[in-house]
Amino acid sequence: MNILDSLRTIFQEVNTARSLPEVLTIIVTEVHAAMGAEVCSVYLFDETDQHYVLMATKGLRQQSIGKVRLAMGQGLVGLVAAKEEPLNLQDADKHPKFAYFEEIGEEIYHSFLGVPIIHHRKVLGVLVLQQQAERRFAAEEEAFMVTVCAQLSGAIAHAEATGALSKLASAGRGQSKEAIFHGIASSPGVGIGRVVLAQQTMDLASVPERHTSDPDAEMQTFRQALASVKQDMRNLGVGLEGKLSSEELALFNVYISMLDDDSLGGEVIETIKSGQTAQSAWSSVILKHVRTFRHMEDPYLRERASDVEGLGKRVLGYLQQTDEKKKPLPRRIVLVGENLSATELADIPVDRLVGIVSLKGASNSHMAIVGRALGIPTVMGALDMPCAELEGKELIVDGFTGDVVSHATRTLKRAYIQRQREEQILIKDLQKLRDVPCQTIDGFDFSLWVNTGLRHDNIQSLRSGADAVGLFRTEIPFLLRSSFPTEDEQVAVYREHLETFAPRPVTMRTLDIGGDKDLPYFPIEEENPFLGWRGIRISLDHPEIFLVQIRALLRASEGLNNLRIMLPMISNLAELDSGLALIRRAYKELTEEEGYQLKMPALGAMIEVPAAVYQVKEIGSRVDFMSVGTNDLTQYLLAVDRNNPRVADLYDALHPSVLRALKSIYDQAETVNCQLSVCGEMAGDPISAVVLLGLGYKNLSMSASSLLRVKSLMLKVSRKMANDLVNDALSLSDGAEVVDFMSSALEPYRQAKNKPLSK
Ligand code: PEP
Ligand code: MG
C-alpha cells in the first residue's frame with residue numbers, strides 16, 4: 001500500500017471505532033504496520049495529574065500501558081509536547097532529556113521520532129515511533145506522522161470527551177466534577193433541560209454502547225427494522241429492473257440475504273440477547289464487519305465495506321425512527337445536533353425548547369440567528385461534544401459564555417438557576433423601556449426595528465416595542481416545510497405577519513436560500529456554497545419561483561399597505577435591475593389585469609457583498625431603501641466563512657476594515673439621499689450598535705430579544721460621544737482593540753456583564 005492508501009485506511013478505521021482505547025489501538029497498530037517500525041506508541045495528557053501517560057503501544061510491553069507517566073517537560077515525550085514540534089533522533093538514549101523506565105523495555109531502541117498531537121492549539125499527547133537501528137527517521141516518515149497526528153487529533157479529542165462522559169455517568173451524581181464542553185456563545189441566556197437529538201441519522205460509530213433490560217422488545221424492534229429494509233431493497237430492485245444488468249440487480253438479493261438470521265441478522269440477535277440494545281448491537285456487529293472487509297487483500301471485496309456500511313446506516317435509520325416514536329419528549333428540551341438548521345425546529349414543540357447546541361456552525365450561522373430570534377440560549381460549534389452519549393441527559397446551555405455542562409454538580413446547577421433568575425429580573429426591568437422614545441441624550445432620534453421570520457417570535461417582537469420589521473427572512477417559513485409553498489399558502493403566511501405589525505412597515509426579503517440555508521426539498525450541493533448559487537441568483541434563474549413569491553407578497557399586502565420588498569445578495573446592477581423589473585411586472589399584472597387594489601411597496605436592496613459597497617450610489621439611486629447585511633459583508637470582506645467554527649475567532653464585525661466599509665456605505669448613501677439601515681446581527685450587540693450610531697446609522701434592525709438591551713445603552717449615550725469614539729476606533733489595528741476600546745469607554749453606561757460560572 002502506498003502512503004496515501006495507508007492514511008486513508010487509518011482514517012476510515014478510526015471512524016469506525018467507538019471508544020478511546022479502540023481509537024488508540026487502531027492508530028498504533030495501523031501506523032506500526034504502515035511504517036514498518038518496530039515500536040509505535042501513543043501518550044496522552046492526563047488533566048487530573050498533568051502527566052503524559054502511555055495509552056497504547058505496539059512493540060513495547062503491554063503491562064506498561066497506563067503506568068508510564070511523564071510530567072510536563074519530562075523525558076523526550078514531555079519535550080516534544082512542550083516544544084510543540086517533532087523530535088527526530090538517531091540516538092535517543094544519548095539525549096539529555098531521555099528518561100529511562102525499566103518496565104517498558106525500550107532500552108534496545110535507539111532511534112526515536114515523536115510528533116505532538118495538537119487539537120485547537122492544545123497538545124493532547126504525543127505519537128512515537130522507535131527503532132533498534134541507530135538511524136534518523138526519513139523526512140517522508142516524519143511528514144507521514146505529522147499528517148496522521150494532525151488528521152486524527154479531532155477524533156482523539158472526541159473519543160476522550162466520550163470516555164470522560166461515560167466515567168461520569170458510572171460515577172453517579174455528585175461524586176465527581178461535571179463535564180464541560182466549549183462552543184461559541186450564540187444567543188444569550190441560560191437554558192436547563194434534557195437533550196433531544198435532532199432527527200439526523202447518526203453515524204454507526206457514534207451510537208453509544210447501551211444495555212437493555214428488555215431484550216425481547218429490542219429484538220422485535222430490530223426485526224421490524226430488518227423487514228422494512230428488506231422491503232426497501234426489494235422495491236428498489238423492482239424499480240431498477242431493465243435499468244441495471246442482471247449481475248447488478250443480483251446485488252440487492254445479496255444485501256437482503258446478508259440481513260438473514262444465518263448472516264448479520266443472527267449475529268445481532270445474539271448480541272441483543274447478551275443484553276445490548278438493538279441500535280448498540282447492530283452498530284457493533286456492522287462496524288466489525290466493515291473493518292474486516294476493509295482489511296481484505298482483494299480490492300473488489302475491500303470495496304464491499306462501503307456496501308455493508310450503507311446497509312448498516314439504512315437499518316440504523318429505521319431503528320432510530322422507531323426509537324423516536326417510542327420516546328415521550330421532555331418538558332424542557334435542549335435540542336442537540338451535529339449540524340442544526342432551522343429545519344429541525346419543525347420536529348419539536350418550540351414552546352418547550354430551552355436550549356440549542358450544534359456541534360457545527362458559528363454565531364452567525366442561520367441556526368444561531370433563529371436561536372436569537374426566539375430568545376433561546378444557543379451554543380454553536382461545540383465540536384468535541386459527544387452528542388449521542390448525552391441523549392436524554394440534563395444539560396445546561398450557557399449562551400453567555402458558550403459553555404455546555406452535563407452532569408452538573410448541585411452547587412453549579414444552583415449558580416446557574418440563580419443566573420436565570422437575575423436574567424429574568426433584567427428582562428422585566430428592560431420592559432419598562434418599551435415605550436420610551438428612541439432618542440440619545442443629545443436629542444438624536446434613532447429607530448430600532450426587528451428581524452423576524454418565525455411565527456413564534458412575533459409576540460416577542462411586539463413586546464419589544466419595535467418601530468418596524470427591518471428584515472423578515474422569507475426563507476424561514478420555506479425551510480420548515482417539505483415542499484415549495486403554493487402562492488395562496490404564501491399569501492396566508494405573509495398576510496399574518498403583515499397584519500400583526502400593521503400599520504408598522506414590514507420589510508420582506510425575497511427568498512435567500514443557498515449558503516447554509518438549504519431547503520430540504522431543493523438541495524444545492526456545492527463546493528463553495530457561500531460563493532455560489534445563493535439569494536437573488538437563484539431567484540433570477542427561477543423566475544417561476546420568484547414571481548410566485550412576489551405575487552404572494554403583493555397580494556398579502558392588499559389593504560394593509562405596510563409592505564416593503566428587499567432583494568438579497570445583490571452583487572451587480574444587472575441583478576438589481578432584473579429583480580426590480582420582475583417586481584414591477586408582477587405589480588402591473590396584479591393591479592391592471594387582475595384587479596387587485598395595491599399600493600406599490602417601497603423597494604430595497606441589501607448591501608452585503610463587497611462589490612455592492614463600491615456601488616452604493618448607483619444602487620441607492622435605483623431603490624427606495626438599502627439595508628446593510630453585516631453578517632455576509634463581514635464574511636466576504638474578511639474571507640471568513642460565517643458558518644465555520646474553526647475560523648470563528650477571525651470572524652469580526654468590528655474589524656476596522658468592516659468599520660471603514662460601513663462608513664463608506666453611509667457616506668455614499670447620504671449623497672443620493674437613500675434611506676439606510678443595518679439588519680445584520682451586529683446591530684443587536686449593544687456595543688456594536690453604539691459604533692453604528694457613531695458611524696451615522698440611525699435605523700438598526702435586530703432580533704427582538706436584543707432590542708431592549710440595545711435601547712437601554714443607546715438611551716444613555718450621546719451621538720456626539722459615539723461619533724468621537726468611532727473616529728478613534730477607525731484607526732485602531734484590529735477588532736479586539738476596537739472591542740477593548742469601546743467596552744472600556746462604555747463601561748460606566750452598561751449593566752453588569754455575565755461572567756463564566758463553569759470555571
Ligand atoms: C446579513 O447577511 O447580514 C443578513 C442580514 O442576512 P442573512 O443573515 O440572512 O444572510
Ligand atoms: Mg445575508
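Can you go through Gly337, Gly402, Gly371 and tell me which one is within 13 Å of Val190 (Cα to Cα), away from ligand 1 (no atom under 16 Å from the Cβ) and not aliphatic (A, V, I, L, M)? Even if it seems obvious, please write down each step before you answer.
On the way: Gly337 fails: within 13 Å of Val190 (Cα to Cα); Gly371 fails: away from ligand 1 (no atom under 16 Å from the Cβ).
Answer to the selection: Gly402.
Report yes if Val53 is assigned by TED's automatic domain parsing to the domain that holds Arg121, under 21 Å from Glu160 (Cα atoms), open to solvent by less than 10 Å² (accessible area, probe 1.4 Å) and over 32 Å from the mean Cα position of the chain (by Cα), otherwise no.
Working: assigned by TED's automatic domain parsing to the domain that holds Arg121: yes; under 21 Å from Glu160 (Cα atoms): yes; open to solvent by less than 10 Å² (accessible area, probe 1.4 Å): yes; over 32 Å from the mean Cα position of the chain (by Cα): yes.
It is true that Val53 is assigned by TED's automatic domain parsing to the domain that holds Arg121, under 21 Å from Glu160 (Cα atoms), open to solvent by less than 10 Å² (accessible area, probe 1.4 Å) and over 32 Å from the mean Cα position of the chain (by Cα).
Sort out which residues of the range 699-718 are farther than 22 Å from Ile425 by Cβ, open to solvent by less than 10 Å² (accessible area, probe 1.4 Å) and of a type outside the set (A, V, I, L, M, F, W, C), and write them in order of number.
Ser701
What pairs come up if the first residue lies in the range 436-457 and is acidic (Asp, Glu), the second is open to solvent by less than 40 Å² (accessible area, probe 1.4 Å) and within 16 Å of ligand 2 (Cβ to nearest atom), and their beta carbons are under 7 Å apart, counting only those six or more places apart or on different chains?
Every condition considered, the pairs that remain are Asp457/Ala373.
Out of curiosity, is Gln90 in contact (Cβ under 8 Å) with a residue 12 or more places away in the chain and open to solvent by 60 Å² or more (accessible area, probe 1.4 Å)?
Yes: the conditions hold for Gln90.
Quick check on this structure: which one of Val229, Val254, Val285 is in a helix (DSSP H, G or I) and either modelled with pLDDT under 80 or in the same structural domain as Glu22 (by TED's automatic domain parsing) (or both)? Before you say what the answer is, go through the steps one by one.
Details: Val229 fails: either modelled with pLDDT under 80 or in the same structural domain as Glu22 (by TED's automatic domain parsing) (or both); Val285 fails: either modelled with pLDDT under 80 or in the same structural domain as Glu22 (by TED's automatic domain parsing) (or both).
Of the residues listed, the single one that is in a helix (DSSP H, G or I) and either modelled with pLDDT under 80 or in the same structural domain as Glu22 (by TED's automatic domain parsing) (or both) is Val254.
Those residues that are within 16 Å of Tyr318 (Cα to Cα) and among the small types (Gly, Ala, Ser), I need them from the range 263-297; list them, please. Give the derivation first.
Residues of the range 263-297 that are within 16 Å of Tyr318 (Cα to Cα), as a first pass: 265, 268, 277-283, 286.
Scanning the range 263-297 gives Gly265, Ala278, Ser280, Ala281, Ser283.
If you take the residues of the range 190-238 that are under 23 Å from Gly337 (Cα atoms) and polar (S, T, N, Q), which of them is most open to solvent (accessible area, probe 1.4 Å)?
Once the filter is applied, the top-ranked residue is Gln199.
Among the residues of the range 295-318, what is the count of those that are at pLDDT 80 or above and under 21 Å from Leu7 (Cβ atoms)?
Result for the range 295-318: 1.
Which is of a type in the set (Val, Ile, Thr), modelled with pLDDT of 75 or more and touching a Ser or Thr at 6+ places or on another chain (Cβ under 6 Å), of Thr292, Thr277?
Working: Thr292 fails: touching a Ser or Thr at 6+ places or on another chain (Cβ under 6 Å).
Among Thr292, Thr277, only Thr277 is of a type in the set (Val, Ile, Thr), modelled with pLDDT of 75 or more and touching a Ser or Thr at 6+ places or on another chain (Cβ under 6 Å).
Of all residues in the range 351-394, how many are open to solvent by less than 30 Å² (accessible area, probe 1.4 Å), touching a Phe, Trp or Tyr at 6+ places or on another chain (Cβ under 9 Å) and within 16 Å of ligand 2 (Cβ to nearest atom)?
2
Is it the case that Ser41 is open to solvent by less than 70 Å² (accessible area, probe 1.4 Å), in the same structural domain as Val123 (by TED's automatic domain parsing), out of contact with any strand residue (DSSP E or B) (no Cβ under 6 Å at 6 or more places or on another chain) and more than 22 Å from Glu297 (Cβ to Cβ)? It would help to see each step written out before you state the result.
Working: open to solvent by less than 70 Å² (accessible area, probe 1.4 Å): yes; in the same structural domain as Val123 (by TED's automatic domain parsing): yes; out of contact with any strand residue (DSSP E or B) (no Cβ under 6 Å at 6 or more places or on another chain): no; more than 22 Å from Glu297 (Cβ to Cβ): yes.
So Ser41 does not fit the description; no.
Per-residue answers, yes or no, for (1) open to solvent by less than 10 Å² (accessible area, probe 1.4 Å); (2) within 16 Å of ligand 2 (Cβ to nearest atom); (3) assigned by TED's automatic domain parsing to the domain that holds Ile536; (4) farther than 23 Å from Gly694 by Cα:
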{"position": "Cys438", "(1), (2), (3), (4)": "no, no, yes, no"}
{"position": "Asp445", "(1), (2), (3), (4)": "no, no, yes, no"}
{"position": "Leu448", "(1), (2), (3), (4)": "yes, no, yes, no"}
{"position": "Thr452", "(1), (2), (3), (4)": "yes, yes, yes, yes"}
{"position": "Arg455", "(1), (2), (3), (4)": "no, no, yes, yes"}
{"position": "Ser461", "(1), (2), (3), (4)": "yes, no, yes, yes"}
{"position": "Ala468", "(1), (2), (3), (4)": "yes, no, yes, no"}
{"position": "Arg473", "(1), (2), (3), (4)": "no, yes, yes, yes"}
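Within the range 650-684, track down each residue that is without any contact (Cβ under 8 Å) to a residue 24 or more places away in the chain and surrounded by 19 or more Cβ atoms within 10 Å (Cβ to Cβ).
Once the filter is applied, which keeps residues that are without any contact (Cβ under 8 Å) to a residue 24 or more places away in the chain and surrounded by 19 or more Cβ atoms within 10 Å (Cβ to Cβ), the range 650-684 yields nothing.
Right, Gly620: crowded, with 21+ Cβ neighbours inside 10 Å and within 16 Å of ligand 2 (Cβ to nearest atom) or not? Steps first, please.
On the way: crowded, with 21+ Cβ neighbours inside 10 Å: yes; within 16 Å of ligand 2 (Cβ to nearest atom): no.
Considered against the rule, which asks whether it is crowded, with 21+ Cβ neighbours inside 10 Å and within 16 Å of ligand 2 (Cβ to nearest atom), Gly620 comes out as no.
Of all residues in the range 722-734, which are in a helix (DSSP H, G or I), open to solvent by 30 Å² or more (accessible area, probe 1.4 Å) and either among the polar types (S, T, N, Q) or in contact (Cβ under 8 Å) with a residue 60 or more places away in the chain (or both)? Talk me through it step by step, then tell me what you get.
The first filter runs over the range 722-734 and keeps only residues in a helix (DSSP H, G or I), leaving 722-729.
When the remaining residues are screened for being open to solvent by 30 Å² or more (accessible area, probe 1.4 Å), the result is 723-724, 727-728.
Hits for the range 722-734 are Asn723, Asn727.
Could you check, for the range 556-566, whether at least one of its residues is aliphatic (A, V, I, L, M), open to solvent by 10 Å² or more (accessible area, probe 1.4 Å), within 16 Å of ligand 2 (Cβ to nearest atom) and over 22 Å from Ser483 (Cβ atoms)?
no
I need the strands (runs of 3 or more DSSP E) fully contained in the range 35-129, keeping only those with at least 1 residues that are of a type in the set (Asp, Glu). Explain how you work it out, then say what you get.
Details: elements: 39-46, 51-58, 69-71, 87-89, 111-119.
Answer list for the range 35-129: 39-46.
The values are calculated or read from the model by the stated rules, or taken from the named source; none is laboratory data. All values derive from a computational prediction rather than experimental measurement. Here Cβ is always computed from backbone atoms with ideal geometry, including for glycine, and neighbour counts include all displayed protein chains. Note: accessible area is taken over every heavy atom of the protein model, side chains too, but ligands, DNA and RNA are not part of it. Shrake-Rupley method; radii C 1.70, N 1.55, O 1.52, S 1.80 Å.
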